[in-house]
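Step one of this worksheet: look at the structure below.
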Amino acid sequence: MALVNYEIDDGIAVLTLCRPQKRNAMSDAMLADLGAAVDRAAGEARAAVIAGRGEHFCAGLDLSEQVEKSVMEGIAGSRGWHAVFSRIQRGAIPYFVALHGAVVGGGLELAAAGHVRVADANTRFALPEGQRGIFVGGGGSVNVARLMGVARMTDMMLTGRVLSADEAERYGIVTYLTEPGGALARAKELAKLAAKNAPLSNYAIVNALQRIHDSGYDEGLFFESMIASLTQATPEAHERLRAFLDKKAERLAIPTGTEARP
Ligand code: 1HE
């Protein structure tokens, strides 16, 4: 049985980690299944959701496979995570990650490789690598640190601190909080909204924003102009802009100012 279940729901790819008896710990085989699912989604969906089956999103690296790995095997393993996660992070479509239960170690690294994180109120976040005598290896030192800041990540790794969903939202890990059990439905709703965007805009959003943020001021602005002009020059943009001007496009849900104010 696949360790990552793949289904299309209304045009959205839903990738579900399916090893609940091991708290969705990421084994080599599960990583391979995740990579295959990500490649499939890139070819047939306009947005995707990643979720976990059972009581927890993901307990991180499968520790049972790590016990006797050599340094070279460890490097290959970590680079394998990077390869799959970068196809999520800088792939063709946006990823919405639905979090619940434990989001631990490599589970948090996987969440950080997605573009938008939705967590239910009972979600807990931890980076127990220090306690296990290891280090993050799935891109966390870059991606988790970018979300919460190096100081907070250092604290979590040194002290084994477990963050609540509220704290994770304050720390910038999570963008949406839901009631218990509500994260998957909300993530799907959000993915469906993103799927309505022009695919080239979504491609630029997931590929360019972080790169621009990583580059210098002048390079960033230059790169932005190139992408802006590229997207504007497409027939799809012309059609969408015309639809707005012809009053055929949906309006934003913003009060007009004529309603009575409280
Ligand atoms: C595992 C793993 C795992 C559970 N690798 N087998 N991650 C961790 O250090 C987290 C380790 N896990 C936990 O702290 C807990 O399992 C949970 C808090 C997530 C859930 O607790 P609970 O009580 O629901 O489950 P459990 O009884 O601890 O685990 C159920 C089974 O899953 C059990 O196996 P069983 O054969 O005895 O039933 C556990 O051994 C197994 N299991 N987590 C292997 N992680 C790219 S580098 C990333 C570096 C890291 O991710 S470090 C963090 C690793």
Hey, could you check region 10-30 for residues that are under 21 Å from residue 93 (Cα atoms) and crowded, with 23+ Cβ neighbours inside 10 Å and say which is nearest to the ligand (Cβ to nearest atom)?
17
Criterion (on the phi < 0 side of the Ramachandran plot, in contact with a strand residue (DSSP E or B) (Cβ under 7 Å, 6 or more places away or on another chain), in contact (Cβ under 8 Å) with a residue 24 or more places away in the chain and not basic (Lys, Arg)) met by exactly one of 108, 147
108
Given the residues 170, 161, which is the only one that is within 16 Å of the ligand (Cβ to nearest atom), among the charged types (D, E, K, R) and loosely packed, with under 15 Cβ neighbours inside 10 Å?
161
So, in region 88-106, of the ones that are over 11 Å from the mean Cα position of the chain (by Cα) and either modelled with pLDDT under 95 or not β-branched (Val, Ile, Thr) (or both), which residue ends up farthest from the ligand (Cβ to nearest atom)?
92
Could you list, in sequence order, the residues of region 140-152 that are buried (at least 21 other Cβ atoms within 10 Å of the Cβ) and either in contact with a Ser or Thr (Cβ under 9 Å, 6 or more places away or on another chain) or modelled with pLDDT under 95 (or both)?
none
Suppose we filter 171, 176 for residues that are touching a Leu at 6+ places or on another chain (Cβ under 8 Å) and farther than 29 Å from residue 66 by Cβ; which single one remains?
176
Quick one: count up the residues across region 155-184 that are farther than 15 Å from residue 107 by Cα, assigned to a helix (DSSP H, G or I) and in contact with an Asp or Glu (Cβ under 9 Å, 6 or more places away or on another chain).
2
Give 10, 62, 28 a once-over and let me know the one that is on the phi > 0 side of the Ramachandran plot, out of contact with any Phe, Trp or Tyr (no Cβ under 8 Å at 6 or more places or on another chain) and not small (Gly, Ala, Ser).
10
What number of residues in region 111-130 are in contact with a Leu (Cβ under 8 Å, 6 or more places away or on another chain) and within 11 Å of the ligand (Cβ to nearest atom)?
4
Being buried (at least 23 other Cβ atoms within 10 Å of the Cβ) and within 16 Å of the ligand (Cβ to nearest atom) is the filter here, so list the residues in region 34-49 that pass it.
34
Here are some conditions: (1) of a type outside the set (S, T, N, Q); (2) assigned to a helix (DSSP H, G or I); (3) touching a His at 6+ places or on another chain (Cβ under 9 Å). Residue 152 meets all but one. Which one does it not meet?
(3)
Tell me which residues, restricted to region 33-90, are closer than 27 Å to residue 12 by Cα and either among the polar types (S, T, N, Q) or assigned to a loop (DSSP other than H, G, I, E, B) (or both).
45, 46, 53, 54, 55, 56, 57, 59, 60, 86, 89, 90
Any hit, region 197-214, residues being farther than 26 Å from residue 13 by Cα and surrounded by 11 or more Cβ atoms within 10 Å (Cβ to Cβ):
yes
Could you grab the pairs with beta carbons closer than 7 Å, sequence gap of 6+ or different chains, first residue in region 160-189 and in contact (Cβ under 8 Å) with a residue 24 or more places away in the chain, second one of a type in the set (D, E, K, R) and in a helix (DSSP H, G or I)?
161/155; 171/152; 176/186; 177/169; 178/186
Going through region 100-139 in order, the residues found to be aliphatic (A, V, I, L, M) and surrounded by 22 or more Cβ atoms within 10 Å (Cβ to Cβ) are 102, 103, 104, 108, 110, 111, 112, 113, 118, 119, 127, 136
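The values are calculated or read from the model by the stated rules, or taken from the named source; none is laboratory data. The structure displayed is predicted, hence computed values, not measured ones. Glycine gets a Cβ as well: all are built from the backbone with ideal geometry, and neighbour counts include every protein chain shown.
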